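The values are calculated or read from the model by the stated rules, or taken from the named source; none is laboratory data. Because the structure is predicted, anything quoted here is derived from the model rather than measured. Here the Cβ positions follow ideal geometry from the backbone for every residue, glycine too, while neighbour counts run over all protein chains shown. Each accessible area value is taken on the protein alone, full model and side chains, heavy atoms only, with ligands, DNA and RNA left out. Shrake-Rupley method; radii C 1.70, N 1.55, O 1.52, S 1.80 Å.
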Amino acid sequence: MEHIRKIFADERSDDHNAVGVSIERSDGLGHVTGKTQFYADRHYPGMLTLKMVRSPHHHAKILNVDTSAAEKMPGVVRVLTHADVPSNIYTILRLIQVEPNDEPVLAVDKVRFKGEAVVAVLAESEAIARDAVDAVRIDYEELPPVFDVEEALKPGAPLVNEYHGNNYFTYEGHHCRRVRYGDVEKGFAAADHVVEERYSSAPIEHAPVETTGCIVVPEANGRLTCYSNTQALFFTLDNAGLILNTPFQRLRLIGGTVGGGFGGKVDVITEPVAFLAADLTKRPVKFSYSREEEMQVSSPRAAERIYIKDGVMNDGRIVARQIRLYVDAGAYSRHSPYGTTKAAAHMPGPYTIPNVQVDAHCVYANRTPSSAMRGFGVTIGDFALEVQMDKIARLIGMDPMALRMLNAYRDGDAKAHGETTKGAALVEVMQEAAKLADWPLDGKYLSESSGKGG
Amino acid sequence: MARVPVVFTVNGTEAAEFVEPGAMLSDVLRDKLDLTGTRVGCSQGTCGACTVMIDGELILSCLTPAQRVNGKSVVTIEGVATNGELDPIQQAFATGFATQCGFCTSGMIVAAKALLDANPDPSRDEVVDAISGNICRCTGYEPIINAILSAAAERRVAKSA
Ligand code: FES
Ligand code: FES
């Protein structure tokens with residue numbers, strides 16, 4: 001542990017005592033008495049319910065939208081289509097220079113996933129809003145969908161998202177996020193074994209107990225206040241301002257109480273249209289996902305498919321690692337171009353390998369757009385990498401812990417993406433873990449460290 | 001549709017409201033009586049967040065028409081503390097980290113109260129069974145079970161004192 005103390009010498013004293021004890025939450029008493037106020041616990045006179053008319057198809061052209069019957073229903077205050085949205089096409093991460101804008105607030109001429117929002121209705125009650133949704137007529141012409149990331153990249157696959165022109169996100173002119181370090185082919189040629197495996201995961205829904213939603217209240221001074229359970233207040237504020245084409249200071253976001261997020265509430269989806277609806281009707285507006293919407297249309301963790309090919313020596317050294325990784329973004333970018341970059345940068349895991357090649361693809365398919373979830377871009381990759389490590393250990397008959405120790409990065413080691421390792425603590429963490437798990441670690445690994453040359 | 005009168009007791013106080021026929025108890029509690037501690041996570045009887053007691057029995061208020069509580073006595077999370085004194089269950093949840101986001105907590109505590117009112121000394125399995133209709137997505141089940149067991153012990157001590 002000496003090495004670790006040195007790293008943090010100027011950052012902390014060693015008398016910290018929070019780990020391993022329960023500390024009472026500052027919001028705990030509010031939670032146990034029911035007094036904590038979630039966004040939906042507010043009531044305003046005249047509050048309207050917003051509900052979406054959603055696509056029943058995975059991929060279809062919109063031929064005609066007829067809202068006249070819904071508009072005539074008593075209790076229906078307003079019906080919104082894409083034509084009502086000042087700047088309809090956006091992408092959340094444009095705030096950090098991700099382009100192009102690729103997603104409509106309300107669908108224009110085409111739907112790209114089942115459940116995509118096409119028309120918003122605003123009514124005096126939830127029951128009326130539901131009936132009004134049923135009264136909107138939309139004619140579609142179905143298009144062939146594509147659901148599989150590798151199918152989507154084949155020539156002749158249906159084009160999912162025209163704003164990209166291809167079924168992939170373009171990274172600085174390349175069809176994937178690439179990492180190139182050394183020469184993997186040379187590594188494979190020199191290796192005693194080549195281990196090649198395929199790993200895949202399904203989308204995972206966060207399923208928070210509180211569904212996604214917000215309430216927007218028009219203020220007397222012309223400003224709009226939004227009570228939201230978003231995990232990303234400032235992304236929401238700026239994107240909503242751009243979508244409404246209104247100065248940011250007109251919009252006010254109040255959040256902080258989230259009934260389960262896990263990354264599932266970072267997308268900017270319910271607030272812009274609720275802001276717009278409140279602005280146009282001059283009435284408070286509530287837009288809450290039903291449980292069905294939460295499961296069907298809120299972003300899940302992306303499904304991933306990962307191919308790992310490793311060149312391994314008899315003594316356990318990994319001399320080459322080649323990765324082909326596909327992130328299923330669904331129909332729109334949201335946070336996936338960033339998640340895919342993270343996935344690429346995370347490779348080849350916390351190991352020093354002299355030859356590395358990574359192709360990480362952010363792929364569009366006719367599925368629910370995926371987005372953030374606890375460690376997205378890294379979690380599934382780590383699963384694949386560590387299962388691969390166990391497979392290698394079994395193949396060459398080596399203790400899996402020793403295999404990881406041998407290949408673990410140390411301070412000063414070059415990483416595949418060009419940075420130099422510093423502040424590593426992997427060896428020490430594994431030593432502690434081995435102790436706690438009573439794992440019989442070979443004595444020579446007990447004296448090693450993550451320090452330079454350790 | 002003509003609204004209908006509903007008269008019932010909630011947390012010891014009489015409530016009288018005109019409700020739409022078919023209005024759910026959860027909506028009446030939250031929207032008319034401002035008892036928003038009863039949370040709604042699904043409106044379809046699957047999550048347990050809306051759990052309250054009617055005449056001592058646990059029910060899901062999102063599936064219970066308000067008219068059904070006419071003449072009955074309802075206890076919500078707001079009625080678990082007495083005269084501002086937290087119930088040992090509430091205290092144990094707060095100190096034992098049995099609540100994270102808090103959205104399932106009201107339903108969990110009401111379910112725990114129904115259990116301990118009927119069975120002051122439950123086994124761990126009985127506690128698990130009692131909260132099996134309540135989903136916590138912040139994965140706090142272990143601390144929740146431990147909190148209920150320690151609250152049971154606390155309540156027994158308080159009673160014998
Ligand atoms: S809201 Fe009643 S069970 Fe989920
Ligand atoms: S504490 Fe968040 S759902 Fe239980």
Is at least one residue of the stretch B:111-125 within 20 Å of A:LYS35 (Cα to Cα) and without any contact (Cβ under 8 Å) to a residue 60 or more places away in the chain? yes
Taking the stretch B:1-16 and the residues there that are surrounded by 11 or more Cβ atoms within 10 Å (Cβ to Cβ) and without any contact (Cβ under 8 Å) to a residue 60 or more places away in the chain, the one that is nearest to A:LEU48 (Cα to Cα) would be B:ARG3
Given the criterion within 30 Å of A:ASP413 (Cβ to Cβ) and open to solvent by less than 50 Å² (accessible area, probe 1.4 Å), identify the matching residue among A:VAL179, A:VAL118. A:VAL179
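Quick one: which residue in A:ILE323, A:ILE318 is over 29 Å from A:GLU210 (Cβ atoms), within 23 Å of the chain's Cα centre (by Cα), surrounded by 24 or more Cβ atoms within 10 Å (Cβ to Cβ) and of a type in the set (A, V, I, L, M)?
Exactly one of A:ILE323, A:ILE318 is over 29 Å from A:GLU210 (Cβ atoms), within 23 Å of the chain's Cα centre (by Cα), surrounded by 24 or more Cβ atoms within 10 Å (Cβ to Cβ) and of a type in the set (A, V, I, L, M), namely A:ILE323.
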Pairs, first more than 7 Å from chain A (Cβ to nearest Cβ) in the stretch B:32-47, second open to solvent by 40 Å² or more (accessible area, probe 1.4 Å) and more than 6 Å from ligand 1 (Cβ to nearest atom), C-beta under 6 Å, six or more apart: B:LYS32/B:GLU17; B:LEU35/B:GLU78; B:GLY45/B:LEU63
Looking only at helices (runs of 4 or more DSSP H) that fall completely inside the stretch B:39-143, which ones have 3 or more residues that are open to solvent by 50 Å² or more (accessible area, probe 1.4 Å), within 16 Å of ligand 1 (Cβ to nearest atom) and more than 25 Å from B:VAL4 (Cα to Cα)? none
Would you check which residues across the stretch A:146-156 are surrounded by fewer than 18 Cβ atoms within 10 Å (Cβ to Cβ) and out of contact with any Phe, Trp or Tyr (no Cβ under 8 Å at 6 or more places or on another chain) and list them? A:PHE147, A:ASP148, A:GLU151, A:LYS154, A:PRO155, A:GLY156
Mind telling me which of the residues A:ALA424, A:ALA414, A:ALA384, A:ALA360 ends up being crowded, with 22+ Cβ neighbours inside 10 Å, over 18 Å from A:GLU304 (Cβ atoms) and touching a residue at least 12 places away in the same chain (Cβ under 8 Å)? A:ALA424
Mind checking which pairs have a first residue in the stretch B:17-28 that is farther than 14 Å from B:ASN70 by Cβ and part of a loop (DSSP other than H, G, I, E, B) and a second that is among the charged types (D, E, K, R) and open to solvent by 50 Å² or more (accessible area, probe 1.4 Å), Cβ under 8 Å, 6 or more apart or different chains? B:GLU20/B:ARG3
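Could you list all residues from the stretch A:45-69 that are of a type outside the set (A, V, I, L, M) and either surrounded by fewer than 15 Cβ atoms within 10 Å (Cβ to Cβ) or facing chain B (nearest Cβ under 10 Å) (or both)?
Residues satisfying the conditions are A:PRO45, A:GLY46, A:PRO56, A:LYS61, A:ASN64, A:ASP66, A:SER68.
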Based on this model, can you work out whether B:GLU154 counts as more than 17 Å from the chain's Cα centre (by Cα) and within 16 Å of ligand 2 (Cβ to nearest atom)? no
Residues in the stretch A:22-44 that are assigned to a helix (DSSP H, G or I) and open to solvent by 30 Å² or more (accessible area, probe 1.4 Å): how many? 1
Hey, could you check the stretch B:88-129 for residues that are charged (D, E, K, R), within 16 Å of the chain's Cα centre (by Cα) and away from chain A (no Cβ under 14 Å) and say which is nearest to ligand 2 (Cβ to nearest atom)? B:ASP129
Residues in the stretch A:134-141: is at least one outside the structural domain of A:ALA60 (by TED's automatic domain parsing), at pLDDT 95 or above and aliphatic (A, V, I, L, M)? no
